[in-house]
Amino acid sequence: MASVTVSRTFDADPGTVRAAMSDTAAFMRGAGFDGVEYDGDRLHIENRVGMFDIELELDVLDTDAALAYEQVEGVFESMRTEYRVEGEADGTTVTATTDYESTRLAVVGSLLDESVVQRQRRKELAAQFDWLAERVE
């Protein structure tokens, strides 16, 4: 299983950060995905990555995380992401961790596939955190 973790500290209190993230569809659009649909506890994500069109069906999970979702259908054998919000003396830190097991897309080989997935996921999480910063700072 592979993992990607990105953290950022925001100049805002945890309640403000959680409130901005609670608009799940907007928060997910902040990642720069080409399409986001949110219906109840199900997210549908579409994104073009290189020459591939990626579609994911995700279940939003009821956990102690600020937001957590898991792939139901898509290109990964398995994929789960959790966003944790922690108040600190200098603001609020949000940590996003995506754990995934191999993709069903073979580009050149598993090492290249993993580096492409990790680079893409870091880019998406950084864009989400930029979106969040614009709303809370």
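The values are calculated or read from the model by the stated rules, or taken from the named source; none is laboratory data. Small disclaimer: the values here were computed from a predicted structure and weren't measured. We place every Cβ from the backbone using ideal geometry, glycine too, and count neighbours over all the protein chains shown.
Within the stretch 35-56, the set of residues being charged (D, E, K, R), within 18 Å of Val117 (Cα to Cα) and in contact (Cβ under 8 Å) with a residue 12 or more places away in the chain comprises Glu46, Arg48, Glu55.
Residues that are touching a Leu at 6+ places or on another chain (Cβ under 8 Å) and either assigned to a loop (DSSP other than H, G, I, E, B) or among the acidic types (Asp, Glu) (or both) were ranked within the stretch 60-84; the one that is farthest from Leu125 (Cα to Cα) is Glu73.
If the condition is being modelled with pLDDT under 95, touching a strand residue (DSSP E or B) at 6+ places or on another chain (Cβ under 9 Å) and exposed (fewer than 13 other Cβ atoms within 10 Å of the Cβ), then the stretch 26-61 contributes Gly40, Asp41, Arg48, Asp53. For the stretch 53-76, enumerate the residues that are among the acidic types (Asp, Glu) and farther than 21 Å from Val36 by Cα. Hit for the stretch 53-76 is Asp64, nothing else. In the set Thr93, Thr16, only one residue is of a type outside the set (A, V, I, L, M), touching a residue at least 40 places away in the same chain (Cβ under 8 Å) and assigned to a strand (DSSP E or B); that residue is Thr93.
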